[in-house]
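S.K.: Once you've had a glance at the structure underneath, I'll fire off some questions.
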Amino acid sequence: MNSRHFLIVAFCCIATAMTARAANPENGKMLFQGRCASCHNVMKKLTGPALAGVEDRHPEAWIISFVKSSQAMVKAGDAAALEVFNKNNQVVMPDHPDLSDDQIRDILAYIKETAANAPKEDDAPFSRPGQKQPNLMPLSVYNFPFMIAYLVLIVVIVILLIFLVNIKSYEQHIQKDD
Ligand code: HEC
């Protein structure tokens with residue numbers, strides 16, 4: 001290999017490295033919400049199955065070709081595609097031939113990220129005392145800001161009462177003098 005060949009090979013390697021891109025879940029989220037969310041939720045079954053863990057159920061290449069045209073695969077007799085199709089009452093998933101492989105990878109990255117961040121199944125929908133702070137703090141003497149405000153209020157009311165009683169007796173005093 002002379003140096004010219006070497007340069008060409010090196011250039012090709014760099015060019016491929018630059019075009020190979022990391023999947024972008026942010027972009028995937030936008031695509032998912034615009035194109036898939038009407039039938040799919042990551043965690044729940046809607047018209048289509050829940051998509052969490054779909055990467056473990058099928059190879060990536062299978063998913064890409066299924067998203068582009070699931071019916072083409074069903075008609076070609078792909079066993080996995082037929083199984084999913086029959087399991088979902090033979091509801092036809094529309095083709096998305098305009099999505100690129102990379103866009104579908106972005107969607108998959110978003111699905112993976114969402115599934116990983118989703119609450120676990122045994123997470124109660126309400127907060128657990130001791131684990132999460134409840135929205136309303138129960139009233140206790142250890143709630144110092146509240147207690148101080150409360151005491152100040154009581155002192156102010158007492159002073160006000162004393163003041164009013166004094167005025168009243170002062171009035172009576174004056175009336176007696178008349
Ligand atoms: C009109 C409803 C609809 C839309 C929109 C839709 N799907 Fe589906 N999808 C389905 C149905 C229904 C199935 C079940 C398979 C079947 O019936 O062919 C399915 C199955 C799938 C599967 C196989 C799941 C599994 O568990 O094996 C994947 C992956 C999938 N969809 C991805 C997508 C993606 C990505 C999008 C958006 C680009 C999308 N779908 C948009 C209805 C839809």
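The values are calculated or read from the model by the stated rules, or taken from the named source; none is laboratory data. Quick caveat: nothing in here was measured; it's all calculated off a predicted structure. Because the Cβ atoms are built from the backbone with ideal geometry, glycine has one as well, and the counts that use them run over all protein chains shown.
S.K.: If we scan segment 66-88, do we find a residue that is of a type in the set (A, V, I, L, M, F, W, C), within 9 Å of the ligand (Cβ to nearest atom) and within 23 Å of Arg21 (Cβ to Cβ)?
M.R.: yes
S.K.: Just one of Pro97, Pro119 is at pLDDT 70 or above, touching a helix residue (DSSP H, G or I) at 6+ places or on another chain (Cβ under 6 Å) and loosely packed, with under 10 Cβ neighbours inside 10 Å; which is it?
M.R.: Pro97
S.K.: Another question, if that's okay. In this structure, is Val91 within 6 Å of the ligand (Cβ to nearest atom) and either surrounded by fewer than 16 Cβ atoms within 10 Å (Cβ to Cβ) or in a helix (DSSP H, G or I) (or both)?
M.R.: Judged against the criteria, Val91 is a match.
S.K.: Among the numbered criteria (1) touching a residue at least 12 places away in the same chain (Cβ under 8 Å); (2) out of contact with any Gly (no Cβ under 6 Å at 6 or more places or on another chain); (3) not hydrophobic (A, V, I, L, M, F, W, C), which single criterion is violated by Tyr110?
M.R.: (2)
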